[in-house]
1. Exactly one condition in (1) over 22 Å from LEU484 (Cα atoms); (2) in contact with a helix residue (DSSP H, G or I) (Cβ under 6 Å, 6 or more places away or on another chain) is not met by GLY265; state its number.
2. If only one of ARG41, ARG45 is free of Cβ contacts under 8 Å to residues at least 60 places away in the same chain, open to solvent by 40 Å² or more (accessible area, probe 1.4 Å), more than 16 Å from ILE215 (Cα to Cα) and assigned to a loop (DSSP other than H, G, I, E, B), which one is it?
3. Mind listing whichever residues of segment 469-479 are part of a helix (DSSP H, G or I) and surrounded by fewer than 23 Cβ atoms within 10 Å (Cβ to Cβ)?
4. State the number of residues belonging to segment 48-82 that are over 20 Å from PHE129 (Cα atoms) and part of a helix (DSSP H, G or I).
5. Which one of PHE390, PHE379, PHE425 is open to solvent by less than 10 Å² (accessible area, probe 1.4 Å) and more than 18 Å from GLU457 (Cβ to Cβ)?
6. Taking TYR454 and the conditions (1) in a helix (DSSP H, G or I); (2) under 19 Å from MET348 (Cα atoms), which numbered condition does it fall short on, given that it satisfies the others?
7. Collect the residues in segment 342-362 that are more than 23 Å from LEU449 (Cβ to Cβ) and of a type outside the set (Ser, Thr, Tyr), keeping them in residue-number order.
8. Regarding LEU325, is this residue touching a residue at least 40 places away in the same chain (Cβ under 8 Å), over 20 Å from ARG453 (Cβ atoms), aliphatic (A, V, I, L, M) and open to solvent by 10 Å² or more (accessible area, probe 1.4 Å)?
Amino acid sequence: MKILSVEQIREADKYTIENEPIESVDLMERAATKVYEWIYRRVPRDKTIKIFCGMGNNGGDGLAVARLLYQQDIVSQVFVVRHADRMSHDCEVNYWRLVNETKVPMFDILTDDDFPNVGPDDVVVDAIFGSGLNRPPQGVVADLIAYLNASPAIRVAVDVPSGLFADQPSALGFIFKADYTLTFQFPKLAFLFPENDGYVGRFEILDIGLHPKYIDEVETRNFLTIKQMIKPILHSRPKYSHKGTYGHALLIAGSEGKTGAALLGAKSCLRTGVGLLSVHLPKLAQLPMQTALPEAMVDVDESDSCFSSFGNLEAYSAIGVGPGLGKSEETACALKRLIQETQVPMVMDADALNILSENPTWLAFLPAKSILTPHPKEFERLVGKCSTSFERMEKQRELSVKNNVIVVLKGAHTSITFPNGTCFFNTTGNPGMATAGSGDVLTGIILSLLAQRYSPEEAAVLGVYLHGLAGDIAAESMGYEALLASDITENLGKAFAAIKSK
């Protein structure tokens, strides 16, 4: 699913109006109907719905919602926030429709004295600014937003929480704090960043039927990964295939006290369908690996306790390095030689990335389209500190483009950047996955897909989606608090089945 800028969404509205064709006020009605339907389904009848409407098109959406609710015998209260001298044309049309066709109670808000009482039995609908704002709220509107945020009511934002900028950093603190955001047609980039989570809440994308030709042809560098995109990527398994068909992966992992990371990565690699897996380990980790995971072959390092050497790499279709690796001088020297000699794309995680951050010139020698999988702190070590998520996203994009690598920046909406500047945001996963070993599991999954000859781009996007989906399935039975990294691995089969299902 494409993520468009506010300007592109305005162009989509304009194109739809001109080419469907449809009147702009009727397109507003279509959007308001989707919001009304959500409220009708989700809000208990004993709640009082209080809709706060601005003077622009977002306010027009709110006024139309109030009228549609009234037609179903649900009487809301409407508060018109008089922050401008006049209403937009479509807002004014819906204002007079509400006045002339209903008996919905309506009130003006001009000063702080006009604020209504808002209690726990209320649902507040924010239709003040939406995506049309280009500066932080001020005066009585800022006071109103703060007042509503402090209320015990359930809070619902229409399209974009008022005060939040969709395409650039916002002045945090002057934004409506929604429990739910009902956004039109496309996700907004700001919804996918952690600093905005307390304002966006849970967002749902409402399809309002913007013209498909515009959507198909408009160009963007940002996408949201959804099942419809993932399903066609999956390879089928021919009847007469064999283990050689599905590649031979090499996982270089583990050091003294960190054999578990190697085990987690290895098992997830096998569970994701690789034909053969060799795990390169220090000598002291050989017995635990062969005992716990007999399906994996073991390649033993010269060192008892760390990664210090490796043999011939020609047999491997993909190489992963990093989980539990440690940062000894021997390991850093071995990693440098590995980078120089490897001819296939690599997956690099954990301590491999930490060593790389201390030796940034090595980035230029990575095999083309290698996949780096940092968490935020590891990413900062690679590129430096970032003041906002927008800045961090651009630095991530720059890292991919400059070094011809794929960067998987792990988080609630893991972002994946390609060397062509494209960025995908993931939609699976949950807070229970914030646990030790979860990243090691992801490394194994992506390594497995690479070895099976998925393209590096496919391996990254599919791997992240699978990882999150397996975590979601695990959380259904385990809950967030009890979820372990190994639970993600154990649910990979169900994740594959879920993607293949209709």
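The values are calculated or read from the model by the stated rules, or taken from the named source; none is laboratory data. On a predicted model such as this, the values are computed, not experimentally measured, just so you know. Heads up, the Cβs are rebuilt from the backbone with ideal geometry, glycines too, and the neighbour counts pull from every protein chain shown. In case anyone asks, the SASA skips ligands and DNA or RNA and just uses the protein heavy atoms, side chains included. Shrake-Rupley method; radii C 1.70, N 1.55, O 1.52, S 1.80 Å.
1. Unmet for GLY265, out of (1) over 22 Å from LEU484 (Cα atoms); (2) in contact with a helix residue (DSSP H, G or I) (Cβ under 6 Å, 6 or more places away or on another chain): (1).
2. Unique residue meeting the criteria: ARG45.
3. Passing the criteria: ASP472, ILE473, ALA475, GLU476, SER477, MET478.
4. The qualifying residues number 4.
5. PHE379
6. Against the list (1) in a helix (DSSP H, G or I); (2) under 19 Å from MET348 (Cα atoms), TYR454 comes up short only on (1).
7. ASN354, ILE355, GLU358, ASN359, PRO360, TRP362, listed by residue number.
8. For LEU325, the condition - touching a residue at least 40 places away in the same chain (Cβ under 8 Å), over 20 Å from ARG453 (Cβ atoms), aliphatic (A, V, I, L, M) and open to solvent by 10 Å² or more (accessible area, probe 1.4 Å) - is not met.
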